[in-house]
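Please read the structure below before turning to the comments.
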Amino acid sequence: MKVAVPTMGNEGLDEEVGQHFGRVPTYTIVDTETNEVKVINNTSQHTGGQGYPPEIMQKEGTEVMLCSGLGPRAITMFETFGIEVFIGASGTVKNAIAMWKDGKLQEATDANACRDHRH
């Protein structure tokens, strides 16, 4: 299963989880079956590129997104692509995945979406 995490750089499993989902410089994608780690640049319109982060994640084959929080529009876009989203991730990518596996992250819904970033 491919799990993506918004990140602050290129350190793979040891990279810090980014706090602003759409504006992070990178996304780290981990295949939980093969342990392959891939870091991709955020090329969305939020950083001067094209498209939105959920579209990038869909193209990468992501099945689950783990983040600290995100807005309702992003949640809806992920749902459209069939990608599950969990919030409350913190620390490193390795920590975020462990929290998710242990059931410590909350599934993202419109009710728990960030209201500060409505776009």
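Tabulated data for the structure shown
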item: Residue, nearest to Ile83 (Cα to Cα), within segment 12-31, restricted to residues that are without any contact (Cβ under 8 Å) to a residue 40 or more places away in the chain and part of a loop (DSSP other than H, G, I, E, B); result: Val24
item: All positions within segment 68-85 that are surrounded by fewer than 20 Cβ atoms within 10 Å (Cβ to Cβ) and among the aromatic types (Phe, Trp, Tyr); result: Phe81
item: When residues of segment 19-28 are limited to those that are of a type in the set (S, T, N, Q) and surrounded by 15 or more Cβ atoms within 10 Å (Cβ to Cβ), the one farthest from Ala96 (Cα to Cα); result: Thr26
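Matching residues to (1) without any contact (Cβ under 8 Å) to a residue 40 or more places away in the chain; (2) part of a strand (DSSP E or B):
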{"position": "Pro6", "(1), (2)": "no, yes"}
{"position": "Glu33", "(1), (2)": "yes, no"}
{"position": "Val39", "(1), (2)": "yes, yes"}
{"position": "Gly49", "(1), (2)": "yes, no"}
{"position": "Met57", "(1), (2)": "no, no"}
{"position": "Gly69", "(1), (2)": "no, no"}
{"position": "Ile75", "(1), (2)": "yes, no"}
{"position": "Phe78", "(1), (2)": "yes, no"}
{"position": "Met99", "(1), (2)": "yes, no"}
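Each row is one residue, and each column tells you yes or no for (1) surrounded by 20 or more Cβ atoms within 10 Å (Cβ to Cβ); (2) among the charged types (D, E, K, R).
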site	(1), (2)
Met8	no, no
Glu11	no, yes
Val17	yes, no
Val30	yes, no
Thr47	no, no
Leu66	yes, no
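Computed from the coordinates by the stated procedures, all read-outs in this text should not be read as laboratory data. The structure presented is a predicted model; accordingly, all values stated were derived computationally and were not measured. Note that we place each Cβ from the backbone using ideal geometry, even for glycine, and neighbour counts take in every protein chain shown.
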